[in-house]
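The values are calculated or read from the model by the stated rules, or taken from the named source; none is laboratory data. Values in this document were obtained by computation on a predicted structure and should not be read as measured data. Here the Cβ is made from the backbone with ideal geometry for all residues, glycine too, and neighbour counts use every protein chain on show.
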Amino acid sequence: MNDTEIRQRLAARIEVLEDRIQAACVRAGRSRAEVTIVAVTKSVSARVAGMLPEFGIDDLGESRPQILWEKTSALSSTIRWHQIGHLQRNKASRTVEQIARIHSADRVRLLHTLIEESARSRTEPLPTLLEINVSRELAKHGFSPEEVSSIPRELLADGRLLIDGLMCMAAYSENPEDARATFRELRQLRDRLAREWGMPLPHLSMGMSGDFEVGIEEGATFIRPGSVLFEGLEAED
Ligand SMILES: *Cc1c(COP(=O)(O)O)cnc(C)c1O
């Protein structure tokens with residue numbers, strides 16, 4: 001496909017996505033401005049990902065750090081990159097330098113590393129979401145709802161991280177309604193932790209291509225659509 005064809009396809013997909021987001025906001029009595037699209041570009045090239053800002057999408061997400069690094073070096077520095085997948089500690093240094101936010105702080109040791117790296121390479125605290133394994137699947141990363149309550153206070157209060165919310169993934173299902181209980185549990189956990197910790201936790205990152213509308217209805221402030229935007233564009237270099 002040439003660039004014009006790719007742009008036409010992206011424009012059409014973004015228009016449909018936007019309509020669905022708006023409708024979900026109306027159903028939930030929420031303002032569209034409360035929901036940020038983090039377009040997950042892991043299935044497409046930097047060339048395709050780099051077109052998104054033309055359509056007003058400046059927040060892009062990657063799950064694998066090496067792929068994030070490749071794209072950050074190829075693309076405009078005005079893009080805000082979100083690390084959304086498991087981060088090994090030996091990849092934290094370069095990643096922390098390049099991202100606007102991490103959605104996948106999933107263990108206490110990583111919080112220590114993020115604090116060190118943030119101190120080394122950032123002037124502002126690193127916006128950080130704690131990933132919760134709400135559905136308690138063995139294959140998933142994330143704090144269990146019980147573990148998260150026991151994160152040491154000094155880590156939560158450390159000024160080099162800005163811990164301001166929670167992230168989760170729902171179990172895979174064809175039916176978006178199956179995600180609702182998981183998303184609701186994440187919101188209730190957020191409400192409880194915010195009270196217990198005496199910290200505002202305004203953000204909830206929940207909802208992918210299959211379930212973002214349910215995410216919005218349950219209070220998501222970040223949704224992470226990938227395939228709904230990029231299906232059919234995976235082979236474009
Ligand atoms: C891949 C991925 C997404 C996007 O998934 P789609 O089903 O393609 O929308 C969102 N969040 C995370 C953490 C992912 O790994």
> Can you name every residue in the range 164-196 that is in contact with a helix residue (DSSP H, G or I) (Cβ under 8 Å, 6 or more places away or on another chain) and over 22 Å from Arg136 (Cβ atoms)?
Replying inline: none
>> I need the full set of residues from the range 196-210 which are more than 25 Å from Thr113 (Cβ to Cβ) and within 16 Å of the ligand (Cβ to nearest atom), in order please.
In response: Gly207, Met208, Ser209, Gly210
>> Anything in the range 98-141 that is part of a helix (DSSP H, G or I) and hydrophobic (A, V, I, L, M, F, W, C)? List them, or say none.
In response: Val108, Leu110, Leu111, Leu114, Ile115, Ala119
> What residue, of Thr123, Thr128, is hydroxyl-bearing (Ser, Thr, Tyr), free of Cβ contacts under 8 Å to residues at least 40 places away in the same chain and within 16 Å of the ligand (Cβ to nearest atom)?
Replying inline: Thr128
> Got a number for residues in the range 142-180 being assigned to a loop (DSSP other than H, G, I, E, B), within 16 Å of the ligand (Cβ to nearest atom) and surrounded by fewer than 17 Cβ atoms within 10 Å (Cβ to Cβ)?
Replying inline: 5
>> Based on this model, can you work out whether Ala139 counts as surrounded by fewer than 23 Cβ atoms within 10 Å (Cβ to Cβ), closer than 24 Å to Trp197 by Cα and not charged (D, E, K, R)?
In response: no
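Residue by residue, here is whether (1) aliphatic (A, V, I, L, M); (2) part of a helix (DSSP H, G or I) holds:
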position	(1), (2)
Leu60	yes, no
Trp69	no, yes
Ser73	no, yes
Ser76	no, no
His82	no, no
> If you check every pair at least six apart or on different chains, which have Cβ atoms under 8 Å apart with a residue in the range 67-87 that is closer than 17 Å to Ser43 by Cβ first and a residue that is surrounded by 15 or more Cβ atoms within 10 Å (Cβ to Cβ) and at pLDDT below 95 second?
Replying inline: none
> So which residues in the range 205-228 are within 9 Å of the chain's Cα centre (by Cα) and polar (S, T, N, Q), if there are any at all?
Replying inline: Ser205
> more than 16 Å from the ligand (Cβ to nearest atom), surrounded by fewer than 21 Cβ atoms within 10 Å (Cβ to Cβ) and either modelled with pLDDT of 95 or more or among the aliphatic types (A, V, I, L, M) (or both): does that describe Leu193?
Replying inline: no
> Inside the range 151-195, can you point out the residues that are under 18 Å from Thr113 (Cα atoms) and among the small types (Gly, Ala, Ser)?
Replying inline: Ala157, Gly159
> On the given criteria, is Thr72 surrounded by 13 or more Cβ atoms within 10 Å (Cβ to Cβ), within 16 Å of Ser227 (Cα to Cα), touching a strand residue (DSSP E or B) at 6+ places or on another chain (Cβ under 8 Å) and polar (S, T, N, Q)?
Replying inline: no
